[in-house]
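This report concerns only the one structure given below.
Only the coordinates and a few stated rules stand behind these numbers; no lab work does. Since the structure is predicted, the reported quantities are computational estimates derived from the model, not experimental observations. All Cβ positions, even for glycine, are placed from backbone atoms using ideal geometry, and neighbour counts span all protein chains on display.
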């Protein structure tokens, strides 16, 4: 059985999915690829919007897409050193 | 013949240099972890950086206690009050620092919603005890008790882990030398200037090792 992902890992996975989809994805496929329950996804989505890790973009037809913000890219870049720090200090 | 402002200027100088280096190292650790905390809001990182913020402040007020010990201020009244106020702050800040470092490693197992209230409550109790008794002895004993608590809690938390924790040893040394540095404040102490200076150098080395680990992982 795979280990339950922790909060930081889930955030990383969500941002990674968006980045791997040319930095733009609709909410429904994001929910599907993120492997989370609808409720969990809604909670993380709300958190990521509030913390400005992702932003909602609307196309000409009014369809919603999700893109990472500068803060989201920064998180992805620093994820390895964040994990290294947590492991080093057993936090 | 009137005495100078200080009994022993070389001690004041040593205390000053020691305190400035420790406070700077604590500040470096605190600010180096700012970005990673703001990105993640990770509770463990939050407690970790708070521990060093409060250790830095505790060392600042410890310096004031040392200054009041060594200064020859003609009005005893002022010296006594400076000493007591600094002791109370040292007690409060060091309690929060020690407990924050413990919380940093056990935060996942804490079930209480707002554990920082317990932390502040314990710090207030230790400060009130220090204020009532106004004794460095008592402050040292309180910190020794907290130190034993910290050792037991972190040991129980890590005993299942098979790998040898180098960090555990560093934290033990950090606490041991904090208590040694408090013990140095006790008036008419019998620790020689040389031994005290060696203790200060070891304390600086411990903080340096932690700072080095932080800057290496977060470069």
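Assorted remarks:
- The angle between the Cα long axis of helix B:166-183 and the main principal axis of chain B comes to about 20°, on a 0 to 90 degree scale.
- Note on segment B:172-218: Cα Rg divided by 2.2 N^0.38 Å, N the number of residues, gives 1.36.
- Cα gyration tensor shape for chain A, rounded if a/c is under 1.5, else prolate or oblate: prolate
- FRET efficiency for the residue A:52 to residue B:111 pair, using the beta carbon distance and R₀ = 35 Å, is estimated at 0.70.
- Cut-off 19 Å (backbone N to label point 7 Å along Cα→Cβ of residue B:121), residues of segment B:80-97: B:92-93, B:95-97
- Placing pseudo-labels 7 Å out from each Cα toward the beta carbon at residue B:219 and residue A:43 gives an inter-label distance of 3.8 nm.
- Calculated FRET value between residue B:78 and residue B:135, using beta carbons and R₀ = 30 Å, to 0.05: 0.95
- Based on the convex hull around the alpha carbon atoms, segment A:42-91 presents an average projected area of 4.4 nm².
- Distribution of pairwise C-alpha distances over the protein assembly as shown, 20 Å bins, in %: 29, 46, 21, 5, 0
- Counting other Cβ atoms within 10 Å as a rough exposure proxy, the listed residues A:26, B:113, B:213 run B:113, A:26, B:213 from fewest neighbours to most.
- Helix content alone sets the calculated 222 nm mean residue ellipticity of chain A: runs of n ≥ 4 DSSP H residues at -39500 (n - 2.57) each, divided across all residues, give -19000 deg cm²/dmol.
- Taking the fewest neighbouring Cβ atoms within 10 Å as the starting point, the ordered list for B:121, B:218 is B:121, B:218.
- Mean residue ellipticity at 222 nm, helices only, chain B: -28000 deg cm²/dmol; runs of at least 4 DSSP H residues each add -39,500 (n - 2.57), and the sum is divided by the number of residues.
- With contacts taken as Cα pairs under 8 Å at a separation of at least 6 residues, chain A carries a relative contact order of 30 percent.
- Each 10 Å bin from 0 upward holds the following percent of the Cα-Cα pairs of segment B:81-183: 15, 45, 29, 10, 1.
- Within segment B:9-218, the proportion of Cα pairs with more than 29 Å between them is 24 percent.
- Each residue in A:88, B:35 was given a count of other beta-carbon atoms within 10 angstrom of its own, and listing them fewest first yields B:35, A:88.
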